[in-house]
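Below is one structure, written out as structure tokens; comments come after it.
Nothing in this text is a laboratory measurement; each read-out follows from the coordinates by a stated rule. In this text, all values refer to a predicted model and were calculated from it rather than measured experimentally. Here the Cβ is made from the backbone with ideal geometry for all residues, glycine too, and neighbour counts use every protein chain on show.
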Amino acid sequence: MKFFVDTADIAEIKALAASGLLDGVTTNPTLIAKSGRRILEVVAEICDVVQGPVSAEVAATDYAQILREAEVLRRIAPNVAVKLPLTPDGLRACRTLTDQGVMTNVTLCFSAAQALLAAKAGATFVSPFVGRLDDVGQDGMQLIADIVQIYRNYPALKTEVLVASVRHPIHVVEAAKLGAHVATVPPTVLRALYNHPLTDKGLAGFLADWAKTGQQITDMVAV
Ligand code: G3P
């Protein structure tokens, strides 16, 4: 499973990239606004830090203007994935951009029917928002299960399921159990994946017992 981080905060991205576990980045208009920076500048900087796909979202809603904005965004760097709304104009633009060889991420997906259309439009990625479905009492992970099942029925569909709107580590684990290709995860949740109290307790125990040996490994020469 690929891990993307869902943020436009370059400091967070640099810190997480250093872990060696980061495969890409997703941004959206809200995250760009939160960064307080101009989209072309911050996305270019992100693309320098992370070699994998970096999603940058259009703000236009009509086909012609979406294509004009997509042309600007894709020129930022070769690893830019143009993020498009799951609307008739957004999917029409997705088809056009895919035919031009542009990496695309169709976002704001909330149903299996929508995900099927995104795959038909040739999207590189489709972003079903699990957390926002959970927020309104629907089962976000059931949507992931449905999409994965549908896509598996048609090997010709190459769209990758990019689980988005992730709220906690269980969303990541459940998405992986279902076989989703990617999870895009807020920095706090990505860091939470490491945490378990028994790991902390066990390590403390190992270090305390090691200290009693009085040994220092780097003082030794392997024989
Ligand atoms: O960036 C797309 C998606 O991950 C945003 O999710 O619900 O946290 O705004 P949300």
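Return yes when Val182 is surrounded by fewer than 22 Cβ atoms within 10 Å (Cβ to Cβ), within 30 Å of Lys14 (Cβ to Cβ) and of a type in the set (A, V, I, L, M) and no when it is not.
No: the conditions fail for Val182.
Kindly provide the set of residues from the range 31-72 that are touching a helix residue (DSSP H, G or I) at 6+ places or on another chain (Cβ under 7 Å) and farther than 20 Å from Leu16 by Cβ, ordered by number.
Ile39, Glu57, Val58, Ala59, Ala60, Thr61, Asp62, Tyr63, Ile66, Leu67, Ala70
Looking at the range 126-147, which of the residues that are surrounded by fewer than 18 Cβ atoms within 10 Å (Cβ to Cβ) and acidic (Asp, Glu) is farthest from Asn28 (Cα to Cα)?
Restricting to residues being surrounded by fewer than 18 Cβ atoms within 10 Å (Cβ to Cβ) and acidic (Asp, Glu), the top hit is Asp139.
As an exercise: evaluate Ile150 against (1) surrounded by 17 or more Cβ atoms within 10 Å (Cβ to Cβ); (2) more than 15 Å from the ligand (Cβ to nearest atom) and give the number of the one condition it does not meet.
Condition (1) is where Ile150 drops out.
Filter the range 1-44 down to residues that are among the hydroxyl-bearing types (Ser, Thr, Tyr), more than 12 Å from the ligand (Cβ to nearest atom) and surrounded by 15 or more Cβ atoms within 10 Å (Cβ to Cβ), then give me how many there are.
Number of matching residues: 1.
Any residue at all in the range 106-125 that's farther than 16 Å from Glu160 by Cα and surrounded by fewer than 17 Cβ atoms within 10 Å (Cβ to Cβ)?
No, every residue in the range 106-125 fails to be farther than 16 Å from Glu160 by Cα and surrounded by fewer than 17 Cβ atoms within 10 Å (Cβ to Cβ).
So, of the residues in the range 71-94 that are more than 20 Å from Asp6 (Cα to Cα), touching a Ser or Thr at 6+ places or on another chain (Cβ under 9 Å) and not acidic (Asp, Glu), which turns out to be surrounded by the fewest Cβ atoms within 10 Å (Cβ to Cβ)?
Filtering the range 71-94 for residues that are more than 20 Å from Asp6 (Cα to Cα), touching a Ser or Thr at 6+ places or on another chain (Cβ under 9 Å) and not acidic (Asp, Glu), the one surrounded by the fewest Cβ atoms within 10 Å (Cβ to Cβ) comes out as Thr87.
Would you mind stating whether Ala164 is within 16 Å of the ligand (Cβ to nearest atom), touching a Pro at 6+ places or on another chain (Cβ under 7 Å), under 19 Å from Asn105 (Cβ atoms) and in contact (Cβ under 8 Å) with a residue 40 or more places away in the chain?
Spelling it out, Ala164 is indeed within 16 Å of the ligand (Cβ to nearest atom), touching a Pro at 6+ places or on another chain (Cβ under 7 Å), under 19 Å from Asn105 (Cβ atoms) and in contact (Cβ under 8 Å) with a residue 40 or more places away in the chain.
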